[in-house]
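See structure below.
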Amino acid sequence: MSERPPSVDALARSLADTGLPHPLLVDVARSAIADGAPGDARRLAEELQRRLLQPVVNATGVLLHTNMGRAPWPTSVTARATNLELDLTTGQRGSRQAHVGALFARLCGAEAAMVVNNCASAVLLVLAALAHRRGVAVSRSELVEIGGSFRVPDVMEQSGARLVEVGTTNRTRRADYAKALEDHPDLALALKVHQSNYRIVGFTEATEIAELADLGVPLVADIGSGLLDSACQWLRDGPPAWLAGEPAARQTLEAGADLVTFSADKLLGGPQAGIIAGSGDLIDRCARHPLARALRPGGLVLASLQDLAMVYLRRDGSAIPFWQMATWNVDELRSRARALGVGTVTDMDAVPGGGTLPGVTIASAGVAVPGDHTAALRAGFAGGPPIVARVVEGQTLVDLRTVDPVDDPVVAAAIGALP
Ligand SMILES: *Cc1c(COP(=O)(O)O)cnc(C)c1O
């Protein structure tokens with residue numbers, strides 16, 4: 001005689017210690033019983049828990065890992081109301097763009113700046129607000145796809161602007177843009193898009209921002225990666241060598257771009273957002289466009305960006321986790337690796353990631369453990385956060401460049417517990 005299956009409710013109650021809300025446990029219990037395997041219910045509940053959004057330790061050596069939210073940056077949360085759209089000096093309605101926009105304008109040396117949800121939104125808004133039903137000149141070498149299906153021609157189409165391709169895949173000159181302006185009297189903008197995640201090498205020629213500054217139409221530069229200033233005054237030792245050649249917002253505007261667009265969660269090191277900075281008049285037109293409402297960021301993101309802007313204004317790069325990761329010297333990483341007391345201390349290569357600086361590696365160090373232990377590390381140890389590592393040539397590599405030192409003990413314990 002077969003045993004009677006437990007009731008859904010009783011099974012769900014027996015999983016209460018997982019901390020999941022009862023309705024989710026009921027779903028799990030029902031599904032396990034339907035499969036004729038009530039004994040699997042606990043495993044299903046644990047899997048459900050692991051699919052929830054949660055903090056993880058990034059030990060991959062990819063500094064801006066898109067699957068792990070790119071740059072890590074803490075959010076400050078208050079249960080109080082905020083003056084999101086209230087001007088405290090007058091008591092009148094204010095703009096949510098005013099607080100943070102002004103700080104980023106200051107940081108970029110721009111007249112004005114505004115914030116949207118991400119850089120893709122920034123480009124979409126600029127094109128919709130400034131070039132609807134008109135032409136936009138883009139070099140054929142810059143019709144890029146950034147991961148996650150951001151394709152310049154598609155964004156252009158969605159914005160209602162018309163793409164005017166100029167030059168060739170490998171060579172584009174100022175004369176090509178000038179000719180486009182001649183052939184297309186309705187040309188509204190010239191758009192330069194940073195080749196963030198690819199390079200064209202060999203017989204190439206690209207047009208500098210400065211050469212296009214006096215073209216006769218506003219020049220927009222989508223620099224994408226969000227480096228604020230190539231001098232990196234917020235770093236004690238100046239910019240790391242591997243950043244060389246990366247466009248920066250301040251210098252791009254100085255060279256003559258009317259607007260720059262960039263992500264906040266790449267080299268800026270902040271939360272997901274997109275920033276548009278430059279001419280006050282053009283920013284005004286973007287802010288007044290109906291899409292600005294649809295693409296506006298929430299108060300949480302604005303508060304966290306404001307914190308970040310203040311840190312940059314204080315030139316305190318050490319308070320920005322991304323720049324801390326980016327500037328560890330290898331000796332410091334080796335000694336942290338030795339202090340873990342587990343695995344074999346090993347030199348390895350980290351990468352910037354996030355679709356920036358293709359081909360660039362950053363010397364790094366961590367520990368290696370023979371075999372593939374990535375699944376066990378992802379499960380976390382003793383209730384600790386999941387640890388994401390990588391496997392190279394049959395060894396699990398734990399790269400400490402991307403690990404916050406406060407997590408070193410957690411990493412050591414998890415590796416120590418591996419079979
Ligand atoms: C990354 C990138 C984007 C997209 O930025 P998101 O913030 O991910 O929307 C757009 N343009 C360039 C040049 C980029 O590098």
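The values are calculated or read from the model by the stated rules, or taken from the named source; none is laboratory data. What you are looking at is a predicted structure, and each value in this text was computed from that prediction instead of being measured. Methodologically, a virtual Cβ is constructed for each residue, glycine included, from the backbone with ideal geometry; neighbour enumeration extends over all protein chains shown. Note: accessible area is taken over every heavy atom of the protein model, side chains too, but ligands, DNA and RNA are not part of it. Shrake-Rupley method; radii C 1.70, N 1.55, O 1.52, S 1.80 Å.
Of the conditions (1) outside any strand (DSSP E or B); (2) surrounded by fewer than 18 Cβ atoms within 10 Å (Cβ to Cβ), Leu377 fails just one. Which one is it?
Against the list (1) outside any strand (DSSP E or B); (2) surrounded by fewer than 18 Cβ atoms within 10 Å (Cβ to Cβ), Leu377 comes up short only on (2).
Given the conditions (1) open to solvent by 10 Å² or more (accessible area, probe 1.4 Å); (2) within 15 Å of the ligand (Cβ to nearest atom), which single one is not true for Glu205?
(2)
Which number in (1) open to solvent by less than 30 Å² (accessible area, probe 1.4 Å); (2) within 16 Å of the ligand (Cβ to nearest atom); (3) not charged (D, E, K, R) marks the one condition that Ile415 misses?
In the conditions (1) open to solvent by less than 30 Å² (accessible area, probe 1.4 Å); (2) within 16 Å of the ligand (Cβ to nearest atom); (3) not charged (D, E, K, R), Ile415 misses (2) alone.
When you look at Val345, is it away from the ligand (no atom under 16 Å from the Cβ), surrounded by 13 or more Cβ atoms within 10 Å (Cβ to Cβ), in a strand (DSSP E or B) and at pLDDT 95 or above, yes or no?
yes
Looking only at segment 112-166, which residues are in contact with a Pro (Cβ under 8 Å, 6 or more places away or on another chain) and within 12 Å of the ligand (Cβ to nearest atom)?
Val115, Val116, Asn117, Leu143, listed by residue number.
Which residues, counting only those in segment 348-370, are assigned to a strand (DSSP E or B) and more than 16 Å from the ligand (Cβ to nearest atom)?
Those that are assigned to a strand (DSSP E or B) and more than 16 Å from the ligand (Cβ to nearest atom): Met348, Asp349, Ala350, Ile362, Ala363, Ser364, Ala365, Gly366, Val367, Ala368, Val369, Pro370.
Is it the case that Val406 is farther than 28 Å from Ile146 by Cβ, within 27 Å of the chain's Cα centre (by Cα) and either of a type outside the set (A, V, I, L, M, F, W, C) or open to solvent by 50 Å² or more (accessible area, probe 1.4 Å) (or both)?
Details: farther than 28 Å from Ile146 by Cβ: yes; within 27 Å of the chain's Cα centre (by Cα): yes; either of a type outside the set (A, V, I, L, M, F, W, C) or open to solvent by 50 Å² or more (accessible area, probe 1.4 Å) (or both): yes.
In short, yes.
Can we say Arg338 is part of a helix (DSSP H, G or I), open to solvent by 10 Å² or more (accessible area, probe 1.4 Å) and modelled with pLDDT of 95 or more?
Yes.
From the set of residues in segment 65-103 that are in a strand (DSSP E or B) and open to solvent by less than 80 Å² (accessible area, probe 1.4 Å), which is nearest to Ala231 (Cα to Cα)?
Residues of segment 65-103 that are in a strand (DSSP E or B), as a first pass: 65, 70, 86, 93.
Still in the running and open to solvent by less than 80 Å² (accessible area, probe 1.4 Å): 65, 70, 86.
Working: His65: 25, Arg70: 23, Leu86: 35 Å.
Once the filter is applied, the top-ranked residue is Arg70.
Can we say Arg106 is touching a residue at least 12 places away in the same chain (Cβ under 8 Å), open to solvent by 20 Å² or more (accessible area, probe 1.4 Å), assigned to a loop (DSSP other than H, G, I, E, B) and more than 12 Å from the ligand (Cβ to nearest atom)?
Spelling it out, it is not the case that Arg106 is touching a residue at least 12 places away in the same chain (Cβ under 8 Å), open to solvent by 20 Å² or more (accessible area, probe 1.4 Å), assigned to a loop (DSSP other than H, G, I, E, B) and more than 12 Å from the ligand (Cβ to nearest atom).
Within segment 302-313, is even one residue within 23 Å of Ala241 (Cβ to Cβ) and small (Gly, Ala, Ser)? Reasoning before the result, please.
Quick first cut of segment 302-313, residues within 23 Å of Ala241 (Cβ to Cβ) only: 312.
Keeping just the survivors that are small (Gly, Ala, Ser) gives none.
Looking for residues that are within 23 Å of Ala241 (Cβ to Cβ) and small (Gly, Ala, Ser), one finds none in segment 302-313, hence no.
Quick one: Gly384 ticks every box in (1) surrounded by fewer than 18 Cβ atoms within 10 Å (Cβ to Cβ); (2) touching a Leu at 6+ places or on another chain (Cβ under 9 Å) bar one, so which box is it?
Status for Gly384: all satisfied but (2).
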